[in-house]
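This report refers to the structure that appears directly beneath it.
The values are calculated or read from the model by the stated rules, or taken from the named source; none is laboratory data. Computed from a predicted structure; not experimentally measured. As a convention, Cβ positions derive from the backbone with ideal geometry for all residues, glycine included, and neighbour counts pool all protein chains shown.
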Amino acid sequence: MQILYILIIALIANNAISQDLKKHQWENRLVLILSQQEDSKAYQQQIAHLISLPKELKERKILIYEILPGRYRIFNYLNKDKKSKWISSSLLYDQYGNKEGGFQVVLIGLDGGVKLNTSNLLRASELFATIDSMPMRRAELENKRD
């Protein structure tokens, strides 16, 4: 009986985290930056590289999730001095992290699908080119011109 309760709680928690990302569907693109360690050089470089371009991130409706094994937060690039609080959970890391651990970047599109997944540093030019080639982004640009 105890195992059943544990399974139910795990399913509810997993659904809550999934719902957390689903709330962004059709509103924001997500860049998930995952690392086993917060002091990882690649992790820190990736965050620093992307947050240096707040205008470009906002224009493309990008939110950045910083994800570590036991916690995550949404990075507020519009106000770098005001970081959101860490949320205790390993579900996002378990769901999107690679099996070898280490550093990883995942791009999730407006439709909620994974569009890019790499264990290398992701240059902003590559990220933006990937997004700008997507049909929905092209439609956004067309609508902007009208």
Set E126, E142: member being under 25 Å from L68 (Cα atoms) and free of Cβ contacts under 8 Å to residues at least 12 places away in the same chain: E126
In the set R29, R73, R60, the lone residue that is closer than 23 Å to I131 by Cβ and more than 12 Å from the chain's Cα centre (by Cα) is R60
Return a yes/no flag: does the range 124-135 have any residue that is at negative phi, modelled with pLDDT under 90 and part of a helix (DSSP H, G or I). yes
Which one is farthest from K99 (Cα to Cα) among residues in the range 25-55 that are among the acidic types (D, E) and in contact (Cβ under 8 Å) with a residue 12 or more places away in the chain? E27
Do we find that G112 is of a type outside the set (V, I, T), assigned to a loop (DSSP other than H, G, I, E, B) and under 18 Å from R29 (Cα atoms) in this structure? yes
Restricting the range 33-76 to residues that are aromatic (F, W, Y), in contact with a Ser or Thr (Cβ under 9 Å, 6 or more places away or on another chain) and not in a helix (DSSP H, G or I), the one surrounded by the fewest Cβ atoms within 10 Å (Cβ to Cβ) turns out to be F75
Checked the range 99-114 for anything touching a residue at least 24 places away in the same chain (Cβ under 8 Å) and surrounded by fewer than 16 Cβ atoms within 10 Å (Cβ to Cβ); matches are G101, G102, D111, G112
